[in-house]
Amino acid sequence: MLDTKLDKVLRTTKKHISLLSSLGVKTIFDLLSYYPRTYTDERNTVLIVDMKLDQLNVIKGRVKSLHGRKSKNGMHVMEGIISDCTGSVAVIWFNQGYLERILKVGGLYYFSGKLKYDKGRSVFASPKVEAVSENVLHTARIVPVYHETEGLISKWIRDKIYPLLKYADSVPDTLPDWVKKEMDLCELGFAIKNVHFPSSQKDLVRARKRLAFNEVFSLQLKALKIRRAFKKFSSGFVIERADEAMKKFVEDLGFSLTKAQRRSLIEMLNDMGGGVPMLRLLQGDVGSGKTIVAALAALNVVKSGYQVAFMVPTEVLAKQHFSKLRELFDKVSISTEILTGSVGEKDEIYSKIFGGKVDVVIGTHALIQDKVKFKKLGLAIVDEQHRFGVEQRRKLANHGFPHLLSMTATPIPRTLAMIFYGDLDVSIIDELPPSRKKIITKVVAEDKRTDCYKWIYDRVKNGGDQVYVICPLVEESDYLEEVKSAKVEFEKLSEGPFKNLKVGLLHGRMSSAEKDDAMFQFKSGKTDVLVSTSVIEVGVDVSNATIMMIEGAERFGLSQLHQFRGRVGRGEKQSYCFLLASKYTPDGMARLSALEGTHNGFDLAEIDLKLRGPGEVYGIRQSGIPDLKIASFSDSELIKNARKMADKFLTNQEASKKRS
């Protein structure tokens with residue numbers, strides 16, 4: 001019955017069925033699963049004498065009089081008088097002619113709306129109305145409010161869902177009784193009924209808790225099944241600790257590792273020494289030293305006789321990593337090679353990799369294509385910017401299930417990482433090297449723009465500094481006239497305030513070769529100012545770049561702004577980040593103020609999560625994680641409990657299979 005199409009059970013029009021279908025609501029089960037987005041508490045009725053102006057008032061009264069008329073401009077107006085034991089109040093509705101058929105003089109109704117003062121009298125303006133009965137749906141109760149679309153309003157949805165609640169107890173409840181007992185969860189049927197039409201606030205809380213748990217539990221179960229399957233069908237390579245080589249490698253760095261770097265490295269070494277493949281995500285703030293930790297993990301793998309594939313999203317990053325790591329690896333007798341689209345003599349490189357003559361191969365995702373065959377791949381390191389999914393892991397399995405280390409420079413709160421990366425263990429580098437100076441961050445008012453340009457010009461001309469200017473758009477937009485575009489800003493700065501400086505341009509519509517050249521010109525110091533869109537390379541080090549100027553800063557999220565800021569501050573000099581808004585909105589300015597006063601990426605991620613929600617912050621739909629209907633990504637306790645129960649459930653399931 002639950003999969004019965006709605007046109008078979010609802011008395012409604014084809015248009016409404018089509019509108020529901022466009023929202024993915026096609027069956028009885030779909031409509032029962034179309035949960036309210038919020039609620040209005042209209043349980044407390046007031047007497048007419050106690051009604052307050054400009055506030056929500058719910059009253060129970062009789063219709064004393066009612067008449068309809070046409071206004072001068074043709075609008076249908078209905079006016080009347082409502083009374084109770086304390087007095088009466090005038091009421092008025094506009095363009096709601098259907099009420100003439102519903103309301104009867106002398107009838108008892110609930111009315112819910114705001115009292116307005118107009119032309120010397122108090123008037124109840126366009127209140128909701130519903131006949132007094134045992135089963136009121138639209139007022140005098142906790143009223144569910146749904147996501148609406150043109151032609152589908154909450155009142156209509158409430159009317160259609162209520163008769164279908166009789167099917168709620170038929171929805172299969174797959175959650176084991178022991179989980180419900182341990183987590184103090186109500187029955188599923190009760191939850192579905194009370195999430196739509198709660199009997200009390202307490203029942204609503206219990207209903208939402210149960211449904212939220214279901215959502216997160218199913219996500220965790222799916223992730224943990226993938227993880228266990230990967231580990232179950234693969235032996236993994238046992239990696240021995242190469243303490244002497246690590247000691248020499250760190251000494252050659254010229255600085256000590258932070259506590260967070262050491263902790264993360266130990267977690268990886270423990271994983272790789274356990275006989276099952278490592279599946280770990282390394283999270284680190286911008287400039288926290290993730291690459292060095294990954295390199296130390298690679299060193300141990302090579303010293304145990306295996307090869308390492310180090311994958312990054314772009315050629316520019318591949319060249320940067322290769323240049324930096326080859327110098328370090330040479331000192332501990334580890335051979336390195338680079339493999340990207342533009343590298344020549346690929347067949348010779350393929351041959352060296354297959355013959356085991358290369359220890360560490362650094363490149364783009366071309367590294368896991370069919371042509372590349374490793375002699376003994378022991379570790380794949382992946383920059384998470386290109387999400388390393390099931391298909392890529394399948395290709396890795398062709399090399400004997402090596403250990404997998406995924407890295408991200410986007411700080412994600414640990415509990416949220418359990419949702420995004422439920423199949424991975426998480427290591428966090430949550431401190432910066434002591435030598436790294438804080439980047440001075442300032443919101444620049446429009447009337448201070450000229451002063452800002454002069455200050456920057458002086459720093460470049462006399463101090464030799466380099467500058468990034470970030471713009472939200474590539475070209476001008478008729479719809480967003482106030483928002484700056486990279487092309488226009490490039491021309492304006494080249495001919496105006498930075499006329500005597502070398503200004504470069506970088507944006508997503510350029511070819512890969514053009515982008516690489518623009519980045520090379522900037523990195524080599526041939527360009528003083530680089531005007532760019534948000535395509536600016538994550539992770540590219542230009543140690544002489546000390547100034548980041550972000551136009552239309554309020555249009556970016558906090559995490560993205562923090563990533564931009566991390567492009568400067570890579571060298572010894574003091575660095576600066578200037579935030580210029582194209583429009584001053586309360587939400588936008590709240591983000592900019594947070595960035596101005598907070599330098600820790602994980603703290604900013606938490607703030608961004610509260611301000612905008614995960615859908616905007618992390619692009620959930622793009623990442624393959626479904627948007628949650630009812631659970632909250634910020635409910636850390638729920639996520640931890642769901643993870644724990646899912647793990648326990650699978651362990652019990654495996655034990656049961658062994659016994660049978």
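Read the figures in this text as sums done on the coordinates, not as results from a lab. Quantities reported herein were computed from a predicted structural model and do not represent experimental measurements. Cβ atoms come from the backbone with ideal geometry, glycine included; neighbour counts cover every protein chain shown.
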For this session: Return the lysines within reach of Lys331: Cα separation strictly under 16 angstrom, same-chain partners fewer than 8 residues apart disregarded; answer none if there are no such residues.
Result: Lys247, Lys248, Lys303
Seminar exercise, completed: Taking Lys and Arg as +1 and Asp and Glu as -1, residues besides Leu53 with C-beta under 9 Å from its C-beta add up to +2
Problem set entry | Between helix 586-597 and the chain: long-axis angle, C-alpha atoms, 0 to 90°, nearest 10 | 30 degrees
For this session: Excluding residues on the same chain fewer than 8 positions from Lys357, give the aspartates and glutamates whose Cα lies under 18 Å from its Cα.
Result: Glu327, Asp330, Glu337, Glu345, Asp347, Glu348
Exercise. Which whole-number percent is the relative contact order of the chain (Cα, under 8 Å, 6+ apart)?
Worked result: 11 percent
Exercise. Lysines within cross-link reach of Lys454: Cα-Cα under 25 Å, excluding same-chain residues under 8 positions apart?
Worked result: Lys437, Lys438, Lys442, Lys484, Lys487, Lys492, Lys499, Lys502, Lys523, Lys526, Lys573, Lys583
Exercise. Using the eigenvalues of the Cα gyration tensor, what equivalent ellipsoid semi-axes result for segment 44-140 when each is taken as the square root of five times the eigenvalue, whole Å, largest first?
Worked result: 20, 17, 12
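For segment 106-188, take the convex hull of the Cα atoms, compute a quarter of its surface area, and give me that in nm², please.
Details: hull surface 38.6 nm².
Taking the Cα atoms of segment 106-188, their convex hull projects to 9.7 nm² on average.
For the chain, give the share of DSSP beta bridges that are antiparallel, in percent and rounded to the nearest 5; count only bridges with both residues there. Each step should come with its number before you reach the end.
Details: 38 of 93 bridges.
About 40 percent, rounded to the nearest 5.
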For this session: Find the relative contact order for segment 44-140 and round it to a whole percent, using C-alpha pairs within less than 8 Å whose residues are 6+ positions apart.
Result: 29 percent
For this session: Return the subset of Lys181/Lys222; Lys5/Lys155; Lys259/Lys395; Lys232/Lys375; Lys26/Lys225 for which the Cα-Cα distance in this structure is over 25 Å, preserving the input order.
Result: Lys259/Lys395; Lys26/Lys225
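Could you tell me which GluC sites (Glu not before Pro) in segment 250-351 are loop residues by DSSP with no more than 11 other beta carbons within 10 angstrom of their beta carbon?
When the GluC sites (Glu not before Pro) of segment 250-351 are filtered for loop state and at most 11 Cβ neighbours within 10 Å, Glu345 remain.
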For this session: Please compute the net charge surrounding Asn44, taking Lys and Arg as +1 and Asp and Glu as -1 over other residues with Cβ under 14 Å from its Cβ.
Result: +1
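Rg/Rh for the chain: what does it come to with C-alpha atoms and Rh from Kirkwood? Show your work: numbers first, answer last.
On the way: Rg = 31.3 Å, Rh = 29.5 Å.
Here Rg/Rh amounts to 1.06.
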Exercise. Quick one: how many lysine pairs in segment 44-140 have C-alpha atoms under 19 angstrom apart, if they're 8 or more apart or on different chains?
Worked result: 15
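How big is the convex hull of the Cα atoms of segment 243-429, per residue, in Å³? Provide the component values of the computation, followed by the final result.
Details: hull volume 20.8 nm³, N = 187.
Taking only Cα atoms, segment 243-429 has a hull volume of 111 Å³ per residue.
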Exercise. Counting other Cβ atoms within 10 Å, which trypsin sites (Lys or Arg not before Pro) in segment 15-120 have at most 14 and lie in a DSSP loop?
Worked result: Arg37, Arg43, Lys52, Lys72, Lys104, Lys119
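Sort Asp425, Asp458, Asp447 so the one with the fewest other Cβ atoms within 10 Å of its own Cβ comes first. Walk me through the intermediate numbers first.
Details: Asp425 15, Asp458 11, Asp447 7.
Lowest to highest Cβ neighbour count: Asp447, Asp458, Asp425.
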Exercise. DSSP loop trypsin sites (Lys or Arg not before Pro) in segment 411-460 with at most 10 other Cβ atoms within 10 Å of their Cβ, which ones?
Worked result: Lys438
